[in-house]
C-alpha cells in the first residue's frame, strides 16, 4: 500500500500517518518527493482496510500496490535512482557507462594490460572476475583474493573504479575491501541470504538477471537488497535461457524499457554473456543503447584466444577500441 500525502502536509501529519501504520503492525517507509511525500506500507500479506488512514489529515490518496516488489517500483519511488560510483553517475539523464575488462583475472600482468587498453578506449569502470562460478568443477575457478588484489592494483593504476562478483557471504569482506561495486551473478540472483547481506552494506550492487528469471522475479530479487536499506542497486540484463542454441543465451532487450517503466533503478546490458559470440557483441551493444540502457558490461581481453574463460565472447584491443568509437557517435546521436 502507498499513502500519498498532500503537497502541504505538515511533518506532524506525516508522523501521525506513520504512527497509524505502525499501530496496524506494519512498517512505514517515508518516500520524500519533489512535490509531495509518500509513505510506503510494508509487511502486509493481504488487503489492508485503509479507512482509518484515509481519513487522517494531510492524506491525499491511498493506493493499493499488488506487486511483490514495492521499494524498487515506480509506484513507491516515481523519480529515477542514479547510482554514483567514485564520481561516475549511472542512471537516467546521464550518458551510458561502459564497464569493461576480462571475464577472469588470470595474472597481475594480464589484469594491468586489460585495464590500460579499456581505459585508453574510453571505458569508465574496470571489470574482472576473481571468484568464478563455473558450470564444471574442473574449469578455472579464479584466483580468489589474489585476483582481487590484482584488480584493485590495476584499477588504481589507471584511475578506474572496479566491479567484481561475490558468490558467497563469507567472500563479502575481502570483496568489499578491494572492489567499488559488488556483482551478484545470474546464478545467485535468488540467493536470498546473500541478497540480504549485501542489502545491509553501503556498497553499490550490480544485480544480474537469472538465466530463467521473469521480470517480476528479477525486481523481487532487487527488492531483497533495497528492503535491507541499500538503495544503490544497478540491474543488469545478461540474456535468458531459451530453446535457442545458436547463441549462448537469448538477449531480451525489451526488458530495458519495461524495467524503466516498472522500476526507478538503473539498468545496464551485458551483450557478452548474452550472445557468447564475439561478432555479435558490438551489434547488440549498440542495440542496447538504442533500447535505452544506462550502460554496458563488455568482456575485453588482451589475447582472447588464450583466455582461460569465455575467450569466444571477449573483444580484443582493436575490436573494443573500434566499438567504443562507434558507440561514441551513437551516444551523441541519442542526445547525451
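The values are calculated or read from the model by the stated rules, or taken from the named source; none is laboratory data. None of these values were measured; they are calculated from a predicted model. As a convention, Cβ positions derive from the backbone with ideal geometry for all residues, glycine included, and neighbour counts pool all protein chains shown.
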Note to self: Can you find a residue that is in the same structural domain as residue 91 (by TED's automatic domain parsing), outside any helix (DSSP H, G or I) and within 21 Å of residue 297 (Cβ to Cβ) anywhere in segment 150-160?
What the structure shows: yes
Check: Are any of the residues in segment 131-143 under 30 Å from residue 254 (Cβ atoms) and modelled with pLDDT of 95 or more?
Finding: no
Next item on the list: Say whether the condition of being in contact with a helix residue (DSSP H, G or I) (Cβ under 6 Å, 6 or more places away or on another chain), at pLDDT 95 or above, under 27 Å from residue 197 (Cβ atoms) and in a helix (DSSP H, G or I) is met by at least one residue in segment 225-239.
Entry: yes
Next item on the list: Considering (1) modelled with pLDDT of 95 or more; (2) surrounded by fewer than 24 Cβ atoms within 10 Å (Cβ to Cβ); (3) part of a loop (DSSP other than H, G, I, E, B), say which one residue 309 fails and leave the rest.
Entry: (1)
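Just to be sure, is residue 260 under 12 Å from the mean Cα position of the chain (by Cα), buried (at least 20 other Cβ atoms within 10 Å of the Cβ) and not in a loop (DSSP other than H, G, I, E, B)?
Criteria not met by residue 260.
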Notebook entry, point to check: Is it true that some residue in segment 263-275 is over 26 Å from residue 89 (Cβ atoms) and either outside the structural domain of residue 182 (by TED's automatic domain parsing) or modelled with pLDDT of 95 or more (or both)?
Noted result: yes
Check: Restricting segment 312-336 to residues that are in a loop (DSSP other than H, G, I, E, B) and touching a residue at least 24 places away in the same chain (Cβ under 8 Å), which is nearest to residue 105 (Cα to Cα)?
Finding: 314
Check: Can you name the strands (runs of 3 or more DSSP E) wholly within segment 1-92 that have at least 3 residues being at pLDDT 85 or above and over 29 Å from residue 232 (Cβ atoms)?
Finding: 59-63
